[in-house]
Amino acid sequence: MFDKSVYKALATVIMRDVQAEGYKHLIFFNDAESQSAALELGFSCVSEYVLYITSV
């Protein structure tokens, strides 16, 4: 179950931590469900990544 407020809270903590460590950029993977939350936090979508998994 996706909770947008939890997602945004966790991503905010991550962003603060990496900024405190001196990083200038953060690559963050998300899915369609969390896309709007990531954009609201200031992330820019630079590409669409699709992952396929299969059982053998």
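So what are the three principal axis dimensions of the chain from its Cα atoms, in whole Å, longest to shortest?
The Cα atoms of the chain stretch 43, 23, 21 Å along the principal axes, largest first.
Roughly what angle does helix 4-20 make with the longest principal axis of the chain, taking Cα atoms, 0 to 90 degrees, to the nearest 10?
Helix 4-20 sits roughly 50 degrees off the main axis of the chain.
Placing unit charges on C-beta atoms (Lys and Arg positive, Asp and Glu negative, everything else neutral), compute the dipole magnitude of the chain about its Cα centre in debye, rounded to 20.
140 debye
Per-residue counts of other Cβ atoms within 10 Å, averaged by peptide: what ranking do you get for 12-23, 43-54, 27-38, highest first?
Result, highest mean first: 27-38, 12-23, 43-54.
Only the coordinates and a few stated rules stand behind these numbers; no lab work does. Note that the structure is a prediction, hence the values are computed from the model and not measured. Note that each Cβ is placed from the backbone with ideal geometry, even for glycine, and that neighbours are counted across all protein chains shown.
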